[in-house]
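A quick write-up on the structure given underneath.
Each value in this text was obtained by applying a stated rule to the coordinates, not by laboratory testing. Being a predicted model, the structure only gives us computed values, none of them experimental. Don't worry about glycine lacking a Cβ; one is built from the backbone with ideal geometry, like all the others, and counts go over all protein chains shown.
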């Protein structure tokens, strides 16, 4: 019997070629989109799942309640780790990782070979106890005890040593020698971008500094004991931290520590500040999942509409089958088997298309996803399950409609009277409304994302980032003679300004704050801290709104002067930029934490965005502090840019010949900040086009159904002299009303969804009303063009053909 069902299904699908091709096209596109999105989501959910005992590992992070609500820092003070290890009994192991520029390059040298490598970690010795990465060579036990030790990844080892066991061999990192004690296996789904791990002792941090409760420079992870309660450990840590901060009364922060499960670190940390780990975004993962469901539903609705449109042509077939004894249940199974067969064909095409497009998706996302049904049997089971689910979902309603025809009525006349299922016009029309509501929703979302991303890239940041070459100083000679280095650079013909400092836009900044004398008290205030030189303001074209910039003409500027931004004027309570001039500030010196730098505010700069637009403007203090200088910004003119770059390289080689220069332009640095949003924009565009196209196939089916049902009415109107345009309008207006209803449903949903998304940005566009109107207009135009084909076909048909049986 089942074989007969399949044979009949094959014959019917082959007989109605156009119907079959449209359905296969729609389902193939929908299923391909779902498979690609599904592979991406599955890969995102696998981060850190490979680590043994990972369910007992947590990351400590801080909610700084004294600042803006919801300010969360991934880095915490070193004393958090000490406290957890000594005072929280639920804790088995603690590891602290010094927050360095993980993405900064380090010069690695082995023999004659020298390359730049990222991913340098300074860590407590317990790193490989908490993160149990498999070792290819050596052993994790005591691998990080000796300050001269280094543990490297297998990929890194292959790049510098080749295919040998490097344990016991020496390499240098930034001219400092280390002995390789182990090689661990690389895992691409690890949230820490680690290439080599150095003992924390090698960082040579003073012991007093490690007892600091305000130096937020460590990523801290804990592994709890078997069966320990994470909430209890978190509560105890909070109690100890609150007591310490309250007793000290000299920190500008109010700490609220949390323990974040390891399997949530990658996807649930998108809004964390000072987090240099690899991060995904659960919001984007959920959004893509919803889009996949939308597209699959639209494809299924297409089949419902097209099958219903074709039902009148198969009415007599149903009548004959029932007349010779076929039961309704048999007919339902027959029609469902057709749908499942059609879905199976679509799955085969979708599988091939997914395999074809996956390399492009991997290149776009930077992943290494694999989709091979021959090496992974679970994919075959998934595809079979998807075939049954989609086949039954798409075919159930049409099967009920087709099997419900009365044989007496459909055999005695060419006129087919709808069954009780067929009479549910609102259901068929409802499918179109849902399809276009989803399509309009996606159009609005794509437009808002486009506008916000354009805003991120084009907003006036308050400084000039164009034509600024940006690089890190390297080598003792360059650091020791940075003024001479700077002077040599300024001799270049195409060089306009040079600044050396710590805290350039788009780069790392300090955040330990200042002390504000007020009413006889010294109040700690959290601020961003930019360590600049005398040319910082001119190089970046930052506007001074009150007072003056730093100048070498004033001898006290180097040691006793500060500048602040407009936000700091408000936050520090000065009232206006003019009133801030001359006010005193104190700063705990980095080179002598027990002493204070005392100075006056000499100038106020206009707020400028040195961080991404995700973050609100911080109160910011600028000061001259050569001890922190490490980056160079060279402002160039546009004439002979290549020659100017070569000149900079030549000067570099004079001062630091042992280090190759690595540079980036500051505007490119800012472009990279919004890489995730750029990718979201591209993905939304692609999937929105797919959704609209697939929705149009469904509308095409309903238009065909409507024209079929009303062909005699159209014939009579033609005989009575109706114009083709009036008939096209007659057939189109009902569908355009459905699009209008769809728009009214999509508008509030899109407004709410995009409002939530825009809240992630401290600086964002206002939701443009015209986007909603344009989205509805696009949907209406696309719908009209889709309908007009069937409408014109019906309006230009010979009325004699439709009325000859009357």
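Please report 563, 79 as a ranked list, fewest other C-beta atoms within 10 angstrom at the top and most at the bottom. Can you show the working numbers first?
On the way: 563 28, 79 20.
Result, fewest neighbours first: 79, 563.
For the peptides 518-526, 180-188, what is the packing order when you average, over each peptide's residues, the other Cβ atoms within 10 Å and list the highest mean first? Don't jump to the answer; show the numbers that get you there.
Details: 518-526: 12.6, 180-188: 20.2.
Per-residue Cβ counts within 10 Å, averaged per peptide and sorted highest first, yield 180-188, 518-526.
Output the peptides 125-131, 295-301 sorted from most to least packed, where packing is the average of other Cβ atoms within 10 Å over each peptide's residues.
On the way: 125-131: 22.1, 295-301: 26.0.
Going from most to least packed, we get 295-301, 125-131.
Under a no-solvent Debye model with one identical scatterer per Cα of region 136-250, what's log10 I(q)/I(0) at q = 0.19 Å⁻¹?
-1.08
Just to confirm my numbers, what's the Cα centroid distance between region 456-481 and region 85-119 in Å?
Each part's Cα centre sits 25 Å from the other's.
Beyond 16 Å, what share of the Cα-Cα pairs of region 571-664 remains, rounded to the nearest whole percent? Walk me through the numbers before you get to the answer.
On the way: 3190 of 4371 pairs.
Tail of the P(r) past 16 Å holds 73 percent of the pairs.
Points 7 angstrom from Cα along the Cβ direction at residue 508 and residue 164: gap in nanometres?
Reported label-point gap for residue 508 and residue 164 is 3.3 nm.
Return the equivalent ellipsoid semi-axes of region 63-153 as a descending list in whole Å, where each equals the square root of 5 times an eigenvalue of the C-alpha gyration tensor.
On the way: eigenvalues 174, 86, 21 Å².
For region 63-153, the semi-axes come out at 29, 21, 10 Å.
For a label point 7 Å from the Cα of residue 589 along Cα→C-beta, name the residues of region 606-623 whose backbone N is under 19 Å from it.
622-623
Which ordering of 787, 37 is given by a fewest-first count of other beta-carbon atoms within 10 Å? Don't skip to the end; give the middle numbers.
Numbers: 787 26, 37 22.
Neighbour counts put them in this order, fewest first: 37, 787.
Efficiency by 1/(1 + (r/R0)^6): what FRET value for residue 256 and residue 210, r their Cβ-Cβ distance, R0 = 22 Å, to the nearest 0.05? Mind dumping the intermediate values first?
On the way: r = 22 Å, r/R0 = 1.02.
The pair residue 256/residue 210 has a calculated efficiency of 0.45.
Residue 726 to residue 685: FRET efficiency via 1/(1 + (r/R0)^6), r the Cβ-Cβ distance, R0 30 Å, to the nearest 0.05?
On the way: r = 38 Å, r/R0 = 1.26.
Using R0 = 30 Å, I get an efficiency of 0.20.
Suppose the chain between residue 637 and residue 766 were pulled fully straight at 0.36 nm per residue; how much longer would it get relative to their current alpha carbon spacing?
Working: separation 129, 0.36 × 129 = 46.44 nm, distance 3.55 nm.
Taking residue 637 through residue 766 to full extension adds about 42.9 nm, to one decimal.
Computed over the Cα atoms, what is the radius of gyration of region 468-673 divided by 2.2 N^0.38 Å, N being its residue count?
Compared with the compact-globule rule of thumb, region 468-673 sits at 1.05.
By DSSP, what percent of the beta bridges with both residues in region 468-673 are antiparallel, rounded to the nearest 5? The partial results should precede the final answer.
Details: 33 of 43 bridges.
Restricted to region 468-673, the bridges split so that about 75 percent are antiparallel.
Can you put 279, 616 in order of Cβ neighbours within 10 angstrom, beginning with the fewest? The partial results should precede the final answer.
On the way: 279 18, 616 14.
Lowest to highest Cβ neighbour count: 616, 279.
Provide Rg over Rh for region 56-265; use the alpha carbon set for both Rg and the Kirkwood Rh (inverse mean inverse pair distance). If you can, show how the numbers build up before the last one.
Numbers: Rg = 18.1 Å, Rh = 18.1 Å.
That ratio is 1.00, to two decimals.
So what does log10 I(q)/I(0) come out to for region 198-281 at q = 0.11, 0.12, 0.14, 0.21 Å⁻¹, using the Debye formula with one equal point on every Cα and no solvent?
Log10 I(q)/I(0), no solvent term: -0.41, -0.50, -0.68, -1.28.
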